[in-house]
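Below is one structure; the comments refer to it alone.
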Amino acid sequence: MKTLTPEIDSQPEAHQEHDHHQPPKGIMRWLLTTNHKDIGSLYLWFSLIMFFIGGAMAMVIRAELFQPGLQLVDPNFFNQMTTVHGLIMVFGAVMPAFTGLANWLIPMMIGAPDMALPRMNNWSFWILPFAFLILLGSLFMEGGGPSFGWTFYAPLSTTYSNDSTALFVFSVHIMGISSIMGAINVIVTIVNMRAPGMTWMKLPLFVWTWLITAFLLIAVMPVLAGVVTMVLTDKFFGTSFFDAAGGGDPVMFQHIFWFFGHPEVYIMILPSFGIISAIVPAFSRKKLFGYSSMVYATASIAILSFLVWAHHMFTTGMPVFAELFFMYCTMLIAVPTGVKVFNWVATLWRGSITFETPMLFAIAFIILFTIGGFSGLMLAITPADFQYHDTYFVVAHFHYVLVTGAIFSIMAAAYYWLPKWTGHMYDERLGKLHFWCSVISVNVLFFPMHFLGLAGMPRRIPDYAVQFADINQIVSIGGFAFGLSQLIFLAVVLKCIKGGEKAPAKPWEGAEGLEWTIPSPAPYHSFSTPPEVK
Amino acid sequence: MIRNLFILLALIITPASLAEEMPLNMTRGVTDISERVYDLHMTILYICCAIGVVVFAVMIYSLIYHRKSKGAEAANFHESTKVEVAWTVIPFIILILMAIPATKTLIAMEDPTNADITIQVTGSQWKWHYRYFDQDIEFYSLLSTPRAQIENQQAKGPHYLLEVDKPLVLPINKKIRFLMTSDDVIHSWWVPAFAVKKDANPGFINEAWTKIDKPGTYRGQCAELCGKDHGFMPIVVKAVSEQEYEAWLSAQKQTAEAEKAQAQAALSQTLSMEQLMTEGEAVYLASCAACHQPNGMGLPGVFPALKDSAVATQTDMLNQHLDVVINGKAGTAMQAFAKQLTAQQLAAVITYERNAWGNDTGDMVQAADINNHAKQEAK
């Protein structure tokens with residue numbers, strides 16, 4: 001984001017080429033950019049904006065659920081809020097944040113000057129705002145936007161939805177194309193542009209986890225595109241993929257959707273594993289324990305993710321054999337996930353630990369993600385799942401893995417690499433304030449949801465029985481506090497961009513990796529001549 | 001906020017203080033299966049807690065004693081195949097131990113054979129329909145919480161949103177098989193006390209079963225997002241002794257016959273506008289207002305308005321009006337009300353729709369007209 005620093009390319013020839021690549025000024029710099037750092041910043045800002053929009057919708061949901069009875073919104077709008085909140089957080093906040101981090105970090109980590117396919121990189125970002133304009137625009141159509149849940153089960157999303165479904169379908173298509181292009185770019189970059197000596201088993205784990213994530217994306221985003229297209233033709237062109245009257249099957253929708261949906265869950269958590277595996281060793285001043293087992297565990301999780309989709313569908317009436325198969329496979333995922341957690345703990349063990357903000361978020365990640373993993377294991381047990389399914393227990397589970405998992409890791413990454421991106425240290429006191437406000441409020445928000453679910457409160461309802469009132473009130477207060485806490489994060493980021501203590505090339509004592517060998521802020525092209533990795 | 005944090009704290013420390021209002025754990029339920037599910041749930045919970053305590057204890061020890069500020073120097077180790085194998089194999093064994101009881105319970109749950117009684121459960125937006133096989137008894141079960149309570153104009157009752165006009169009545173100590181299906185979108189029939197949750201899929205039939213140990217009233221809700229009023233389609237089951245069940249069956253049959261006779265009599269009755277409007281309004285609010293709204297305005301883009309609509313105001317479209325209410329409209333959320341309402345109720349509600357909210361057509365429809373319409377169709 002800053003002008004280039006000449007130290008890195010002292011040869012006059014290289015210098016000339018740089019001047020040629022000098023970015024245009026103003027808005028055109030951002031519209032036409034093919035630079036991985038600019039595009040990374042665009043992705044990250046976009047994700048932050050979406051995080052606040054999706055968060056505002058969550059506030060509407062929690063405000064309506066503050067008390068029993070209908071107070072603020074009607075049930076139809078409530079359903080639109082739960083649906084669009086989910087879609088925005090998944091496709092607008094978490095996924096673009098990871099792509100932004102990949103853009104910023106992968107070239108710097110593997111010793112490359114940029115991403116392999118810079119023009120496609122520009123496209124994959126710039127179609128994204130249009131996807132979300134279409135989705136958000138649909139909220140203002142007659143009858144409102146999508147109201148059938150982010151999982152858009154047929155026939156609720158086909159015969160029984162309103163016409164804005166077409167907009168929903170097209171916006172999901174655009175999001176999918178964007179993700180696929182981003183994934184291709186990541187794969188091509190990692191395979192072809194590693195510095196000499198950067199062998200596979202020397203890759204930083206963030207790069208490894210993103211490589212595997214990219215393959216998952218390429219495998220399942222077309223499946224999502226297929227299923228939304230079937231929804232489109234069922235609704236508007238008279239096909240009967242999901243309509244029994246025409247020979248279709250509504251449960252088939254769920255099979256196809258979750259064949260995308262489950263790997264999608266890992267798409268949103270594998271890069272987190274990479275981030276935590278960078279931060280925990282840095283602040284323990286000790287090498288990551290069990291690097292190769294981390295790589296194998298990531299790959300195992302990715303492969304298993306294709307064999308567990310129907311654990312979202314235990315109540316649909318599958319044969320016992322299928323229920324058992326999916327239960328066993330799902331339980332198996334606990335093994336590689338456990339290996340990861342144990343490795344992080346072993347990394348901490350006998351380290352020399354300090355608690356800067358990135359480390360605080362990383363530690364919270366390990367504990368809270370593990371709690372989410374435990375509830376995930378409970379949900380895998382089919383007979384118990386019959387009681388948990390579609391209750392607030394599930395809501396608690398996936399918010400533990402997505403908010404205190406994925407989002408906390410993104411926050412940790414932002415704090416960790418902000419000095420490299422901006423050239424300034426962030427305000428440590430504000431950062432810690434953000435952490436403590438977030439970690440307390442997020443648990444007040446999500447932990448009591450376990451109790452609501454066990455006591456029998458279904459998810460996706462705008463009003464509830466009076467016995468659930470007290471806990472819902474606590475949850476809502478936690479929600480408002482968590483939402484407000486994120487404004488501190490915005491303040492930290494803005495302050496850090498504007499100024500602050502000058503960051504050295506390597507601001508963290510224990511940090512490892514090529515990105516810390518170049519100055520802060522990183523030069524416009526990270527490595528014009530490849531570094532030698534020994 | 002402080003006050004609520006205290007409530008939260010109190011909750012964690014003394015769970016009993018709020019126990020009357022809301023249990024903090026899964027119900028044990030009132031069937032053998034539900035108890036087994038509860039035991040399974042508790043076993044896994046304890047195992048998870050134990051693993052959590054061990055892992056977090058090691059972690060917290062490390063965070064306290066291996067701090068740089070305490071002068072800790074980083075060790076050098078970063079690999080150990082033995083340790084990696086150990087923490088791969090041990091969790092695997094624990095998982096197998098969990099899987100064994102889970103498999104047994106699951107196989108028992110999925111065996112609906114040798115049932116004594118079969119009930120067909122049909123979901124539709126937003127009500128349940130129950131049909132007793134071999135008994136010729138069937139009825140709809142609708143939310144009975146008054147609108148005023150939902151809109152906060154009246155104090156909420158103890159069973160707010162968990163009460164219905166006609167509960168499902170079942171005998172205890174009998175194996176009851178449920179056949180689940182749906183008329184429109186996917187619903188899910190869930191009664192926590194029985195540990196039964198099964199999706200009702202349109203065009204397909206799912207099976208589930210229960211055997212209730214204790215008489216009582218058990219409440220549940222639809223557990224699959226099924227549209228606007230998903231939160232407003234509860235399930236109430238009244239479990240009674242076998243004698244009471246038999247008595248209830250014969251009472252139901254008598255009522256059904258009386259209703260049939262009344263319906264027959266209604267065919268020759270001619271009601272006044274006032275009578276039709278009074279009954280029509282009641283029927284409209286119970287069966288139509290969820291979509292078309294109490295003011296007849298519908299929800300633009302989702303559910304059409306009836307106020308000032310062609311079909312409800314133009315005299316030459318009266319036949320179409322009858323047709324759409326009686327037979328529904330394929331490919332939309334409009335249901336066929338012929339089997340949900342009597343001829344007289346249909347006549348009243350159609351009259352109401354043609355004269356309420358300033359539609360003022362003056363048209364009156366009588367039970368006989370409904371009957372004639374059905375007869376014409378048959379030809």
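Structure notes:
Rundown of residues vs (1) within 19 Å of residue A:183 (Cα to Cα); (2) surrounded by fewer than 23 Cβ atoms within 10 Å (Cβ to Cβ); (3) under 16 Å from the mean Cα position of the chain (by Cα), yes/no style:
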{"position": "A:273", "(1), (2), (3)": "yes, no, yes"}
{"position": "A:277", "(1), (2), (3)": "no, no, no"}
{"position": "A:283", "(1), (2), (3)": "no, no, no"}
{"position": "A:286", "(1), (2), (3)": "no, no, no"}
{"position": "A:291", "(1), (2), (3)": "no, yes, no"}
{"position": "A:300", "(1), (2), (3)": "no, yes, no"}
{"position": "A:304", "(1), (2), (3)": "no, yes, no"}
{"position": "A:307", "(1), (2), (3)": "no, yes, no"}
{"position": "A:310", "(1), (2), (3)": "no, yes, no"}
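- Complete set of residues in region A:473-513 that are buried (at least 23 other Cβ atoms within 10 Å of the Cβ) and touching a Lys or Arg at 6+ places or on another chain (Cβ under 9 Å): A:475, A:478, A:479
- Qualifying residue in region B:139-153 (condition: in contact with a helix residue (DSSP H, G or I) (Cβ under 9 Å, 6 or more places away or on another chain), more than 30 Å from residue A:330 (Cα to Cα), within 9 Å of another protein chain (Cβ to nearest Cβ) and open to solvent by less than 80 Å² (accessible area, probe 1.4 Å)): yes
A quick yes/no check of all residues on (1) touching a residue at least 60 places away in the same chain (Cβ under 8 Å); (2) in contact with a Pro (Cβ under 7 Å, 6 or more places away or on another chain):
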residue: B:135; (1), (2): yes, no
residue: B:147; (1), (2): yes, no
residue: B:153; (1), (2): no, no
residue: B:160; (1), (2): no, yes
residue: B:166; (1), (2): no, no
residue: B:169; (1), (2): yes, no
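- Qualifying residue in region B:46-60 (condition: more than 8 Å from chain A (Cβ to nearest Cβ), open to solvent by less than 70 Å² (accessible area, probe 1.4 Å), in a helix (DSSP H, G or I) and touching a residue at least 24 places away in the same chain (Cβ under 8 Å)): yes
- Scope region A:230-255; condition surrounded by fewer than 20 Cβ atoms within 10 Å (Cβ to Cβ) and over 19 Å from residue A:164 (Cβ atoms); matching residues: A:238, A:239, A:240, A:244, A:245, A:246, A:247, A:249, A:252, A:255
- Selected residue (criterion: most open to solvent (accessible area, probe 1.4 Å)) from residues of region A:369-414 that are part of a helix (DSSP H, G or I), in contact with a Ser or Thr (Cβ under 6 Å, 6 or more places away or on another chain) and within 11 Å of chain B (Cβ to nearest Cβ): A:373
- Residues in region A:77-90 that are open to solvent by 20 Å² or more (accessible area, probe 1.4 Å) and within 10 Å of another protein chain (Cβ to nearest Cβ): 2 in all.
- Subset tally (residues that are free of Cβ contacts under 8 Å to residues at least 40 places away in the same chain, touching a helix residue (DSSP H, G or I) at 6+ places or on another chain (Cβ under 9 Å) and of a type in the set (Ser, Thr, Tyr)) for region A:226-282: 2
- The listed residue being farther than 23 Å from residue A:413 by Cβ and either modelled with pLDDT of 95 or more or under 25 Å from the mean Cα position of the chain (by Cα) (or both), out of A:250, A:204: A:250
- Number of the condition not met by residue A:452 [criteria: (1) crowded, with 20+ Cβ neighbours inside 10 Å; (2) more than 27 Å from the chain's Cα centre (by Cα); (3) of a type outside the set (D, E, K, R)]: (2)
- Of all residues in region B:92-113 being within 11 Å of chain A (Cβ to nearest Cβ) and among the polar types (S, T, N, Q), the one that is nearest to residue B:288 (Cα to Cα): B:105
- Listing of strands (runs of 3 or more DSSP E) fully contained in region B:160-244 that carry 1 or more residues being of a type outside the set (Lys, Arg), open to solvent by 20 Å² or more (accessible area, probe 1.4 Å) and more than 23 Å from residue A:457 (Cβ to Cβ): B:176-182, B:206-210
- Any chance residue B:63 is within 17 Å of residue A:381 (Cβ to Cβ), open to solvent by less than 70 Å² (accessible area, probe 1.4 Å) and not assigned by TED's automatic domain parsing to the domain that holds residue B:195: no
- Top-ranked residue of region A:312-324 - restricted to ones that are on the phi < 0 side of the Ramachandran plot and crowded, with 19+ Cβ neighbours inside 10 Å, ranked as farthest from the other protein chains (Cβ to nearest Cβ): A:312
- Test for residue B:84: is it without any contact (Cβ under 8 Å) to a residue 12 or more places away in the chain, facing another protein chain (nearest Cβ under 7 Å) and either touching a strand residue (DSSP E or B) at 6+ places or on another chain (Cβ under 6 Å) or open to solvent by 90 Å² or more (accessible area, probe 1.4 Å) (or both): no
- All conditions in (1) of a type outside the set (D, E, K, R); (2) in a loop (DSSP other than H, G, I, E, B); (3) modelled with pLDDT of 95 or more hold for residue A:71, with the sole exception of (3).
- Flag for residue A:477 being within 12 Å of chain B (Cβ to nearest Cβ), within 26 Å of the chain's Cα centre (by Cα) and not in a helix (DSSP H, G or I): no
- Residue identified as in contact with a helix residue (DSSP H, G or I) (Cβ under 9 Å, 6 or more places away or on another chain), assigned to a loop (DSSP other than H, G, I, E, B) and small (Gly, Ala, Ser) among A:338, A:351: A:351
- When region A:92-124 is filtered for residues that are assigned to a helix (DSSP H, G or I) and either in contact with a Cys (Cβ under 7 Å, 6 or more places away or on another chain) or open to solvent by 10 Å² or more (accessible area, probe 1.4 Å) (or both), the ones remaining, listed by number, are A:95, A:99, A:118, A:119, A:120, A:122, A:123.
- In region B:18-42, the residue that is most open to solvent (accessible area, probe 1.4 Å) out of those that are at the interface with chain A (Cβ under 9 Å from one of its Cβ atoms) and among the β-branched types (Val, Ile, Thr) is B:27.
- Residue in region A:160-167 that is within 14 Å of chain B (Cβ to nearest Cβ), in contact with an Asp or Glu (Cβ under 7 Å, 6 or more places away or on another chain) and not in a helix (DSSP H, G or I) present: yes
- Restricting attention to region A:319-335, the residues being out of contact with any Phe, Trp or Tyr (no Cβ under 8 Å at 6 or more places or on another chain) and either in a loop (DSSP other than H, G, I, E, B) or over 30 Å from residue B:206 (Cβ atoms) (or both) number 1.
- Single unsatisfied condition, residue A:154 versus (1) part of a loop (DSSP other than H, G, I, E, B); (2) open to solvent by 10 Å² or more (accessible area, probe 1.4 Å): (2)
- From the options B:116, B:136, residue that is farther than 30 Å from residue B:337 by Cα, more than 10 Å from chain A (Cβ to nearest Cβ) and surrounded by fewer than 17 Cβ atoms within 10 Å (Cβ to Cβ): B:116
The values are calculated or read from the model by the stated rules, or taken from the named source; none is laboratory data. What you see is a predicted model; the values in this text were computed from it and never measured. Note that we place each Cβ from the backbone using ideal geometry, even for glycine, and neighbour counts take in every protein chain shown. These accessible areas exclude ligands, DNA and RNA; they are computed on the full protein's heavy atoms, side chains included. Shrake-Rupley method; radii C 1.70, N 1.55, O 1.52, S 1.80 Å.
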